[in-house]
């Protein structure tokens, strides 16, 4: 039994480590690899009568990219990007801008706080 | 349908739609794993399965030891836990419950800022699950509701002797219903700190009344669902706690091999099998219910079909969407159960076993627990890491009064986000680890159930298929793109 248990444990660890690139086990703020160019993205998001009427639901970028969001809503509200924890105030029918350097990887939803309206998500993929 | 009836239905549906929400604390930053990683993970599951089976089959004598290793046998050591340790843990646990309730009622209305939400959902519900898998069923030592009943019983002896007979057919169904209710409210309830406090107060009252009705021991074995949940998770741990009868120490500690606890006893009621299946399916549902294919099932499949025949405002369809999601939460365990039973039936048929299908279903039920556990961990550990640590900050100011009791009130002001690559690899690794454990346990159990080596080999093929299916499903769900803003753009 002991040997079987050991073998099973070894199998488990092998499977775990074969898929787990240990060198990548670090918290975010990983430096972007040298020689890989960052891209700039500009997205326009327009919200009318509680609906997103312009702009993609999911913004896909790579780590290190620069992202600019132009947000326009027909009511006063607060635009919040989770994870990065950035907030911009929105005035009715006026465009507000948010700049993000996509250092953190993951999926970060953004919403209008006062309307409690989830608009979409910024997905930052590792390079 | 008359106009009045339509109005009533509309109102009911609108009320239902108040439950729009994702994870309670909304701090999940996981990206879908890339397809290549999903495919290699599924392939690895298949290869590893055959390796595990080969080792199990080559060592039938060794595996037999698991069956013949009762408490106190070799490789097992006995320790005891002093009474004061258990009493202190119970006091701390009851204090934690009280603090959770009071902070919810008096503290911040912001779920992310209130101590009670993070403490209950992240530290207790997620953190204790992971600790239980490592250190055993600590909850059984310090269950706050049981401790409360114990104190009430001390003040009024005989109060919890039970007024009514607990029918055998009821089994663990009360626990299952309460568990499903918690998961539903977690996924679809409009959860605020005050709501959680009211629910915990209600649950406290329910436990006291139910223990008074059917007896304390019966209720905390079959009805109090946290007890049932943590007892099942604790079976994976290398440590087991049990009551001593020597009159001095209250609890004994038994050290055993990891996962062996899952083979020591079988499920004793069909409702417990359903409970285990719901552990699997509810986490799978949570992972799947906001993905593009799942959401598309309704908005691109059901919604166009129904809206062509029934004219209703869009908000009504949003309500119908949530009803559909809730129905799927309850239907999914039946799908998992059906697959489980079909493959067990196949194993029974090819081996011509005399053991009945219900009996087989109970005997193999606990072998699903490692997979259920890693489903849970892969889905929630990011949330646990990012939000759980915030409790260190919140404990200094649990009521949001501006206190700084322990000097930690200004810690971790920036969100903690794990690297997506690390999360992906950990998720696949964990799923494979759970798969290996479940495959191993199922095959050891098969060797015990099916007497001849040939029958055991035959029986293991459907079981292997079951485990590979569950693992592949888990990986597939992790790889699905997540939908966003679906309610504003259904088509």
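Put in line by how crowded their Cβ is, counting other Cβ atoms within 10 Å and starting with the fewest, B:137, B:483 read B:483, B:137. For chain B, the relative contact order works out to 26 percent when only alpha carbon pairs closer than 8 Å and six or more residues apart are counted.
Rounded to the nearest whole angstrom, the semi-axes of the ellipsoid equivalent to region A:32-125, taken from the Cα gyration tensor as √(5λ), stand at 25, 12, 11, largest first.
Place a point 7 Å from Cα of residue B:84 in the direction of its Cβ. Which residues in region B:249-277 have their backbone N less than 16 Å from it? Answer for this model: B:249-251. Measuring nothing but how far apart in sequence close Cα pairs (under 8 Å, 6+ apart) lie, relative to its length, region B:293-421 scores a relative contact order of 13 percent.
Here the relative contact order of region B:77-255, from alpha carbon pairs under 8 Å that lie six or more residues apart, stands at 39 percent. Label-to-label distance for residue B:309 and residue B:98 is 5.8 nm, based on points extended 7 Å past Cα in the beta-carbon direction.
Hydrodynamic estimate: the Kirkwood radius of chain B over Cα pairs, inserted into Stokes-Einstein at 20 °C and 1.002 mPa s, corresponds to D of 87 µm²/s.
Considering region B:151-277, its Cα convex hull presents a mean projected area of 10.1 nm².
Residue exposure proxy: B:118, A:39, ordered by other Cβ atoms within 10 angstrom of their Cβ from fewest to most, comes out as A:39, B:118. Applying 1/(1 + (r/R0)^6) with r as the Cβ-Cβ distance of residue B:156 and residue A:75 and R0 = 41 angstrom yields a FRET efficiency of 0.10. When each of B:408, A:97 is scored by the number of other beta-carbon atoms lying within 10 Å, the sequence from fewest to most is A:97, B:408. Between residue B:221 and residue B:331, full extension at 0.36 nm per residue minus the direct alpha carbon distance yields a gain of 37.0 nm.
None of the figures in this text is laboratory data; all of them are computed from the coordinates on show. Note that the structure is a prediction, hence the values are computed from the model and not measured. Every residue, glycine as well, gets a Cβ built from its backbone with ideal geometry; the counts of neighbours run over all protein chains shown.
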